[in-house]
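Undergrad: Can you keep this structure in mind? I'll have questions shortly.
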Amino acid sequence: MKRSHFLKLTTAAAAGGLVLPQFGCSTRKSTAIASETRAARTNWAGNYVYRADTLGTPATVADLQALLRDGGRKKALGSRHCFNDIADSPDVQISTRGLDQVIELDEVESLLTVGAGARYGDFSVMLHERGFAVHNLASLPHITVAGACATGTHGSGVTNGNLATSVLSLELVKPDGTLVRLDRDHPNFPAVAVGLGAFGIITSLTLELQPTFDVRQDIYLDLPNARLDADFDAIMSSGYSVSLFTDYRGDTISEVWVKRRTDEEADDLPAEWYGARAATEEMHPIAGLDPVNTTAQLGVPGPWYDRLPHFRMGFTPSAGKELQSEFFVARTDAVAALRALRGLSERIAPLLLVSEVRTIKADEFWMSPAYQRDSVALHFTWKQDEEAVRALLPAIESALAPFDVRPHWGKVFTVEADTLRQRYPKFDDFVALARRYDPAGAFRNDYLDRTVYGV
Ligand SMILES: Cc1cc2nc3c(=O)[nH]c(=O)nc-3n(C[C@H](O)[C@H](O)[C@H](O)COP(=O)(O)OP(=O)(O)OC[C@H]3O[C@@H](n4cnc5c(N)ncnc54)[C@H](O)[C@@H]3O)c2cc1C
């Protein structure tokens, strides 16, 4: 590889201006087992207080290896954006904050290697400035790459796989402290890349890039349900990324967010579209909230990183004080599943801030909710009343059971391993492989015991 085409970005390089200061990488030097107070260590939404007594903060891979060789129960902690106990440990959580460097940008091969703790927002601006993009983003850029991939995190788009589909290789520290590399063609890769934190702690990931692109975002209001049901595939395919926002009440979908690549289809859409009308002012997905934190709309083109997420880096995404659940069904079952949810609208609406509907292309990750199934994700942003939400979820999960529904691993759900096993063809293979990587159960926690190991 020619050196002139190969950029190594370290923390020092980032400080030199390649990454905007607010997205800058860590400059922490020390490794430590730090003790934060329990009250301080909650997930992002604040609905879950981690039980782990201590928090390890390795600054290097060698530090991380040493921490793992100490033995005991350990768990990687990313940016804490899951709504359940998936990132908790009975003993020690290991933060990946210190492993957030942008390690290499290979401009010839269009590859980016980042530390596991890097957040998408940490490198997106730099990538765009150097002419590159990742294929898709979640609704927020605040999440770590490793944490997002571990749970099958996704954006939207009928041609877009989840975020892990851009991972070409990864490096992982196993429970005994050994560092292994897995490339995409390794037989264990489809298990480990969406690995739910069960195999070890990922230290870096190499992502495939594409040339940078601009996106325009247009919002439509009050799409009639009847038109949606009749033209679901056409509507969801009308942009590179399309999201519907609804509360399942009434006869219309309140907002449709259509994100189109300007290099593919830049024309204005009509003011009336599938019976919906174009918004004439910027909107927040949650009715009544100020759109100040959302990415620019009204057809104004902008770089992919500032249009594909709904929320801008540096601002509170979504509502803040909330819970989330999300359920995946085959795209061919989308209309029937939406009808089933409309039947529960009177129970759903009082607890709901908003529901979002997105599409995800099928993939091959054993525990991905889109495993071998072009999917629709039915997402719920709930008011933060966990008791009431948990009381309602079984009704939603039952209504969607005929569609072999799979829940988002990082959000709130109630089904457990016995049910999930029937919905993932490679479930038992995943469990067997996780036991092989982690025979002493160093990475096991209540979540994995309940939802995967089934104990
Ligand atoms: C406001 C908001 C919006 C969201 N929007 C979306 C969305 O658009 N689409 C979507 O799919 N999800 C969305 N989510 C969910 C979110 O993307 C996932 O919960 C994601 O896993 C969070 O990443 P994290 O870095 O915070 O992971 P954490 O919550 O810190 O950890 C998640 C899991 O990953 C494991 N993990 C983390 N780092 C590593 C590592 N280095 N090695 C091994 N395992 C690791 C942890 O052990 C844990 O099991 C949203 C969440 C919030 C709060």
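Undergrad: What FRET efficiency comes out for the pair A401/S110, r = Cβ-Cβ distance, R0 = 45 Å, nearest 0.05? Don't jump to the answer; show the numbers that get you there.
TA: On the way: r = 42 Å, r/R0 = 0.93.
Using R0 = 45 Å, I get an efficiency of 0.60.
Undergrad: Next up: Starting at 0 and stepping by 5 Å, how many percent of the alpha carbon pairs of the stretch 52-184 end up in each bin?
TA: Here the calculated profile for the stretch 52-184 is 2, 10, 18, 23, 21, 14, 8, 4, 1, 0.
Undergrad: Next question. Please give the contour-minus-distance gain from R249 to L344: 0.36 nm per residue of separation, less the Cα-Cα distance, rounded to one decimal in nm.
TA: Working: separation 95, 0.36 × 95 = 34.20 nm, distance 0.92 nm.
Contour length minus the Cα-Cα distance gives 33.3 nm.
Undergrad: Please give, to one decimal in nm, the separation of the simple spin-label points placed at D53 and D449, each 7 Å out from Cα toward the Cβ.
TA: 1.7
Undergrad: Moving to a separate point now. Expressed as a rounded percentage, what relative contact order does the stretch 214-417 have, with Cα pairs under 8 Å and six or more residues apart? Present the calculation step by step, with values, prior to reporting the outcome.
TA: Working: 388 pairs, mean separation 46.2, N = 204.
The value is 23 percent.
Undergrad: Return the carbon/sulfur percentage of the accessible area of the chain, one whole number, probe 1.4 Å, all protein chains in place. All intermediate terms of the calculation are to be shown ahead of the outcome.
TA: On the way: 8550 of 17080 Å².
In the chain, the share of accessible area belonging to carbon and sulfur is 50 percent.
Undergrad: Then there's this: Rounded to whole Å and sorted largest first, what semi-axes of the equivalent ellipsoid does the C-alpha gyration tensor of the stretch 214-417 yield via the square root of 5 times each eigenvalue?
TA: Numbers: eigenvalues 137, 72, 62 Å².
Three semi-axes, in Å: 26, 19, 18.
Undergrad: Here is a follow-up. Quick query: amide H of T359 versus all other amide H atoms, modeled in the peptide plane; which residues come in under 5 Å with a sequence gap of 5 or more or a different chain?
TA: Those lying under 5 Å, H to H, from T359 are G157, V242, A377.
Undergrad: Something else: Given the whole protein assembly as supplied and a 1.4 Å probe, what does the accessible area of R184 come to in Å², nearest 10?
TA: Counting only protein heavy atoms, the figure is 90 Å².
Undergrad: Which whole-Hz ³J(HN,Hα) couplings does the stretch 96-109 yield from phi under the Karplus relation 6.51 cos²θ - 1.76 cosθ + 1.60, θ = phi - 60°, glycine and proline marked x?
TA: Calculated HN-Hα couplings, in order: 9, 3, x, 10, 10, 6, 7, 8, 8, 10, 9, 6, 7, 8 Hz.
Undergrad: Quick one: which of K75/K361; K321/K426; K174/K426; K74/K321; K174/K411; K383/K411 span more than 24 angstrom between C-alpha atoms?
TA: Numbers: K75/K361 29 Å; K321/K426 35 Å; K174/K426 22 Å; K74/K321 28 Å; K174/K411 26 Å; K383/K411 14 Å.
In this structure, K75/K361; K321/K426; K74/K321; K174/K411 exceed 24 Å between Cα atoms.
Undergrad: Per 0.36 nm of contour for each residue apart, how much would the distance between V292 and R130 grow if the chain were fully extended, relative to their Cα-Cα spacing? Can you show the working numbers first?
TA: Values: separation 162, 0.36 × 162 = 58.32 nm, distance 2.79 nm.
Gain on stretching V292 to R130: 55.5 nm.
Undergrad: Mean projection of the alpha-carbon convex hull of the stretch 127-180 over all orientations, in nm²?
TA: Values: hull surface 20.4 nm².
It is 5.1 nm².
Undergrad: Here is a further query. Where the convex hull is taken over the Cα atoms of the stretch 86-142, what is its projected area averaged over directions, in nm²? Walk me through the intermediate numbers first.
TA: Working: hull surface 19.8 nm².
Value for the stretch 86-142: 5.0 nm².
Undergrad: Which whole-number percent is the relative contact order of the chain (Cα, under 8 Å, 6+ apart)? Write out the running numbers ahead of the final one.
TA: On the way: 1058 pairs, mean separation 73.1, N = 455.
Computed over the chain, the figure is 16 percent.
Undergrad: Tell me, what is the FRET efficiency for L179 and V335 to the nearest 0.05, using R0 = 45 angstrom and their Cβ-Cβ distance as r? List each step's numbers first, then the result.
TA: Details: r = 47 Å, r/R0 = 1.05.
Efficiency computed from Cβ-Cβ geometry: 0.45.
Undergrad: From the phi of every residue in the stretch 245-252, what ³J(HN,Hα) in whole Hz does the Karplus formula 6.51 cos²θ - 1.76 cosθ + 1.60 yield, where θ is phi - 60° and glycine or proline is x?
TA: 10, 8, 10, 6, 9, x, 9, 9
Undergrad: Can you give the calculated 222 nm mean residue ellipticity of the chain, where each DSSP H run of n ≥ 4 adds -39,500 (n - 2.57) and the sum is split over every residue, rounded to the nearest 500 deg cm²/dmol? Don't skip to the answer; put the middle values down first.
TA: Details: 11 runs with 86 residues, N = 455.
Helix-only estimate at 222 nm: -5000 deg cm²/dmol.
Undergrad: Could you give P(r) for the chain, binned at 20 Å from zero, as whole percent values over all Cα-Cα pairs?
TA: With a bin width of 20 Å, the distribution comes to 26, 59, 15, 0.
Undergrad: Ok, one more. Under 5 Å between amide H atoms, partner at least 5 residues away or on a different chain: which partners does F311 have, H built in plane at 1.01 Å?
TA: HN-HN under 5 Å from F311: T295.
Undergrad: Relative to the present Cα-Cα distance, how much length would full extension add between E281 and D229 at 0.36 nm per residue of separation? Show your work: numbers first, answer last.
TA: Values: separation 52, 0.36 × 52 = 18.72 nm, distance 2.65 nm.
Difference between extended and current length: 16.1 nm.
Undergrad: Take the Cα atoms of the stretch 307-419, find their three principal axes, and give me the spread along each one in whole Å, biggest first.
TA: 35, 33, 27 Å, listed from the longest principal axis down.
Undergrad: Tabulate in residue order the Karplus-calculated ³J(HN,Hα) for the stretch 209-216, using 6.51 cos²θ - 1.76 cosθ + 1.60 with θ = phi - 60°, rounded to whole Hz; enter x for Gly and Pro.
TA: Result, ordered by residue: 10, 9, x, 4, 8, 9, 10, 10 Hz.
Undergrad: Can you give me the long-range amide H partners of S204? Hydrogens built in the peptide plane at 1.01 Å from N, cutoff under 5 Å, separation of 5 or more residues or another chain.
TA: Placed amide hydrogens put A116, E171 under 5 Å from S204.
Undergrad: Using DSSP H assignments, which helices in the chain have an axial alpha-carbon span of 24 Å or above and a mean Kyte-Doolittle hydropathy of 1.0 or higher?
TA: none
The values are calculated or read from the model by the stated rules, or taken from the named source; none is laboratory data. As the structure is a computational prediction, the values presented were derived from the model and not from experiment. Neighbour counts are summed over all protein chains in view; Cβ atoms, including those assigned to glycine, are modelled from backbone coordinates with ideal geometry. Calculation scope for accessible area: heavy atoms of the full protein, side chains included, ligands and nucleic acids excluded. Shrake-Rupley method; radii C 1.70, N 1.55, O 1.52, S 1.80 Å.
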